[in-house]
Amino acid sequence: MASALVLNATYEPLSVVPARRALCLVLADKAEIVHHDGAQIRSASLVMLAPTVIRLRYVVKVPFHRRTAVSRRAVFVRDAHRCQYCGGTADSIDHVIPRSRGGAHVWENVAAACRPCNLRKRDRTPDEAGMRLANLPRPPRDGSWVAVSVGRVPEVWKPYLARAS
Ligand SMILES: [Zn+2]
(Lines give C-alpha, C1' and ligand atoms only; values in the text may rest on other atoms or scores of the structure.)
Protein backbone atom coordinates (compact mmCIF):
# COMPACT_ATOMS: atom_id res chain seq x y z
CA MET A 1 0.00 0.00 0.00
CA ALA A 2 1.40 3.39 -1.02
CA SER A 3 2.07 5.98 1.67
CA ALA A 4 1.74 9.74 1.61
CA LEU A 5 3.82 12.28 3.47
CA VAL A 6 1.65 14.79 5.36
CA LEU A 7 2.99 18.33 5.57
CA ASN A 8 1.82 21.00 7.95
CA ALA A 9 0.40 24.19 6.40
CA THR A 10 3.92 25.54 7.07
CA TYR A 11 5.39 22.69 4.93
CA GLU A 12 6.91 21.02 7.99
CA PRO A 13 6.65 17.21 7.68
CA LEU A 14 4.12 15.85 10.20
CA SER A 15 3.44 12.20 9.57
CA VAL A 16 3.09 9.38 7.10
CA VAL A 17 -0.33 7.95 6.29
CA PRO A 18 -1.69 5.43 3.77
CA ALA A 19 -2.40 7.12 0.42
CA ARG A 20 -6.09 6.33 0.80
CA ARG A 21 -6.23 8.19 4.12
CA ALA A 22 -4.41 11.13 2.52
CA LEU A 23 -7.00 11.19 -0.22
CA CYS A 24 -9.81 11.33 2.37
CA LEU A 25 -8.21 14.45 3.85
CA VAL A 26 -8.08 16.01 0.39
CA LEU A 27 -11.70 15.08 -0.39
CA ALA A 28 -12.75 16.55 2.98
CA ASP A 29 -11.00 19.75 1.90
CA LYS A 30 -8.62 19.51 4.86
CA ALA A 31 -5.54 19.14 2.67
CA GLU A 32 -4.29 19.77 -0.83
CA ILE A 33 -2.25 17.48 -3.04
CA VAL A 34 1.33 18.70 -3.35
CA HIS A 35 2.62 15.72 -5.31
CA HIS A 36 1.26 12.54 -6.86
CA ASP A 37 3.01 9.92 -8.93
CA GLY A 38 0.19 9.15 -11.31
CA ALA A 39 -0.95 5.99 -9.52
CA GLN A 40 -4.70 5.66 -9.10
CA ILE A 41 -6.99 4.78 -6.24
CA ARG A 42 -10.34 3.29 -7.23
CA SER A 43 -13.51 3.17 -5.23
CA ALA A 44 -17.00 2.12 -6.34
CA SER A 45 -17.74 5.42 -8.02
CA LEU A 46 -14.45 7.27 -8.26
CA VAL A 47 -10.99 6.97 -9.76
CA MET A 48 -8.61 9.39 -8.10
CA LEU A 49 -4.91 10.06 -8.29
CA ALA A 50 -3.11 8.71 -5.23
CA PRO A 51 -1.26 11.52 -3.45
CA THR A 52 2.35 10.96 -2.35
CA VAL A 53 2.65 14.33 -0.59
CA ILE A 54 -0.21 16.40 0.84
CA ARG A 55 -0.27 19.67 2.74
CA LEU A 56 -2.81 20.46 5.42
CA ARG A 57 -4.86 23.62 4.96
CA TYR A 58 -4.51 24.47 8.64
CA VAL A 59 -1.54 24.68 11.01
CA VAL A 60 -1.05 21.83 13.46
CA LYS A 61 1.02 22.65 16.52
CA VAL A 62 3.72 20.07 17.14
CA PRO A 63 5.89 19.64 20.22
CA PHE A 64 9.22 21.39 19.77
CA HIS A 65 11.22 18.22 20.42
CA ARG A 66 9.67 15.30 18.68
CA ARG A 67 11.51 12.18 19.76
CA THR A 68 11.51 9.04 17.70
CA ALA A 69 10.62 6.10 19.96
CA VAL A 70 13.45 3.65 20.57
CA SER A 71 12.71 0.49 18.61
CA ARG A 72 14.84 -2.16 16.99
CA ARG A 73 13.96 -0.84 13.55
CA ALA A 74 14.64 2.78 14.52
CA VAL A 75 18.06 1.89 15.95
CA PHE A 76 18.98 0.02 12.75
CA VAL A 77 17.94 3.05 10.68
CA ARG A 78 19.97 5.43 12.85
CA ASP A 79 23.06 3.20 12.72
CA ALA A 80 22.63 2.39 9.00
CA HIS A 81 22.35 -1.34 9.83
CA ARG A 82 26.05 -1.38 10.77
CA CYS A 83 27.48 -2.98 13.89
CA GLN A 84 28.81 -0.06 15.93
CA TYR A 85 31.72 -2.17 17.18
CA CYS A 86 33.10 -3.86 14.06
CA GLY A 87 31.25 -2.25 11.14
CA GLY A 88 29.70 -5.55 10.03
CA THR A 89 26.04 -6.07 9.30
CA ALA A 90 24.03 -5.50 12.47
CA ASP A 91 21.37 -8.00 13.45
CA SER A 92 20.87 -7.20 17.11
CA ILE A 93 20.67 -4.33 19.56
CA ASP A 94 23.34 -3.82 22.21
CA HIS A 95 22.75 -1.91 25.44
CA VAL A 96 26.05 -0.07 25.91
CA ILE A 97 25.63 -0.14 29.70
CA PRO A 98 23.98 -3.56 30.03
CA ARG A 99 20.40 -3.61 31.26
CA SER A 100 21.44 -6.11 33.94
CA ARG A 101 23.59 -3.29 35.34
CA GLY A 102 20.98 -0.59 35.22
CA GLY A 103 21.52 0.59 31.64
CA ALA A 104 18.36 2.25 30.29
CA HIS A 105 16.56 1.53 27.03
CA VAL A 106 17.16 5.03 25.67
CA TRP A 107 18.78 6.36 22.50
CA GLU A 108 21.98 7.25 24.34
CA ASN A 109 22.42 3.65 25.54
CA VAL A 110 21.54 1.52 22.52
CA ALA A 111 23.64 0.61 19.51
CA ALA A 112 23.19 -1.69 16.54
CA ALA A 113 25.52 -4.68 16.81
CA CYS A 114 26.28 -7.95 15.09
CA ARG A 115 25.73 -11.19 16.96
CA PRO A 116 29.44 -12.05 17.40
CA CYS A 117 30.15 -8.61 18.96
CA ASN A 118 27.06 -8.90 21.14
CA LEU A 119 28.20 -12.32 22.37
CA ARG A 120 31.74 -11.13 22.93
CA LYS A 121 30.66 -8.08 24.93
CA ARG A 122 28.20 -10.01 27.12
CA ASP A 123 27.11 -8.03 30.17
CA ARG A 124 30.12 -5.76 30.22
CA THR A 125 30.64 -2.13 29.34
CA PRO A 126 32.63 -1.44 26.15
CA ASP A 127 35.61 -0.42 28.33
CA GLU A 128 35.56 -3.67 30.26
CA ALA A 129 35.21 -5.68 27.07
CA GLY A 130 37.97 -3.70 25.34
CA MET A 131 35.58 -2.68 22.57
CA ARG A 132 35.04 0.72 21.01
CA LEU A 133 31.87 2.29 19.64
CA ALA A 134 32.21 3.83 16.17
CA ASN A 135 29.76 6.61 17.12
CA LEU A 136 28.50 7.98 20.40
CA PRO A 137 24.85 6.88 20.53
CA ARG A 138 22.46 9.84 20.23
CA PRO A 139 18.81 10.44 19.55
CA PRO A 140 18.26 10.55 15.78
CA ARG A 141 17.90 13.84 13.96
CA ASP A 142 14.43 15.30 13.60
CA GLY A 143 12.72 13.89 10.59
CA SER A 144 14.26 10.44 10.80
CA TRP A 145 10.97 9.12 12.23
CA VAL A 146 9.81 9.26 8.61
CA ALA A 147 12.48 6.78 7.52
CA VAL A 148 11.56 4.60 10.48
CA SER A 149 7.89 4.51 9.58
CA VAL A 150 8.37 3.61 5.92
CA GLY A 151 11.76 1.88 5.83
CA ARG A 152 12.91 3.66 2.71
CA VAL A 153 12.19 7.33 2.00
CA PRO A 154 10.76 8.02 -1.49
CA GLU A 155 12.79 10.51 -3.55
CA VAL A 156 9.92 12.99 -3.84
CA TRP A 157 9.75 13.32 -0.05
CA LYS A 158 13.40 14.21 0.43
CA PRO A 159 13.19 17.95 -0.35
CA TYR A 160 10.47 18.33 2.31
CA LEU A 161 12.41 16.38 4.91
CA ALA A 162 15.60 18.37 4.22
CA ARG A 163 13.71 21.53 5.16
CA ALA A 164 12.92 20.05 8.55
CA SER A 165 16.46 19.21 9.64
ZN1 LIG B 1 30.23 -6.47 15.21
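Report the residue count in the stretch 104-125 for those that are more than 12 Å from the ligand (Cβ to nearest atom) and within 15 Å of ARG138 (Cα to Cα). Please lay out each step first, then the result.
Residues of the stretch 104-125 that are more than 12 Å from the ligand (Cβ to nearest atom), as a first pass: 104-110, 122-125.
Still in the running and within 15 Å of ARG138 (Cα to Cα): 104-110.
Residues meeting the conditions: 7.
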Q) Out of curiosity, is ARG42 under 21 Å from the mean Cα position of the chain (by Cα), away from the ligand (no atom under 16 Å from the Cβ) and open to solvent by 60 Å² or more (accessible area, probe 1.4 Å)? A) no
Q. Identify, please: which residue in the stretch 70-117 is open to solvent by less than 40 Å² (accessible area, probe 1.4 Å) and polar (S, T, N, Q) and is, among those, nearest to GLY130 (Cα to Cα)?
A. GLN84
Q: Could you please find all residues in the stretch 76-94 being aliphatic (A, V, I, L, M) and near the ligand (Cβ under 9 Å from one of its atoms)?
A: ALA90
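Assess whether ALA19 counts as being in contact with a Ser or Thr (Cβ under 9 Å, 6 or more places away or on another chain), free of Cβ contacts under 8 Å to residues at least 60 places away in the same chain and surrounded by 15 or more Cβ atoms within 10 Å (Cβ to Cβ). Quick ask: steps written out before the conclusion?
Working: in contact with a Ser or Thr (Cβ under 9 Å, 6 or more places away or on another chain): yes; free of Cβ contacts under 8 Å to residues at least 60 places away in the same chain: yes; surrounded by 15 or more Cβ atoms within 10 Å (Cβ to Cβ): yes.
For ALA19, the condition - in contact with a Ser or Thr (Cβ under 9 Å, 6 or more places away or on another chain), free of Cβ contacts under 8 Å to residues at least 60 places away in the same chain and surrounded by 15 or more Cβ atoms within 10 Å (Cβ to Cβ) - is met.
The values are calculated or read from the model by the stated rules, or taken from the named source; none is laboratory data. Only a predicted model underlies this, so the values are computations on that prediction, with no experimental measurement involved. So basically every Cβ, Gly included, is an ideal-geometry build from the backbone, and we count neighbours across all protein chains shown. Just the protein is used for accessible areas: all its heavy atoms, side chains included, with ligands, DNA and RNA removed. Shrake-Rupley method; radii C 1.70, N 1.55, O 1.52, S 1.80 Å.
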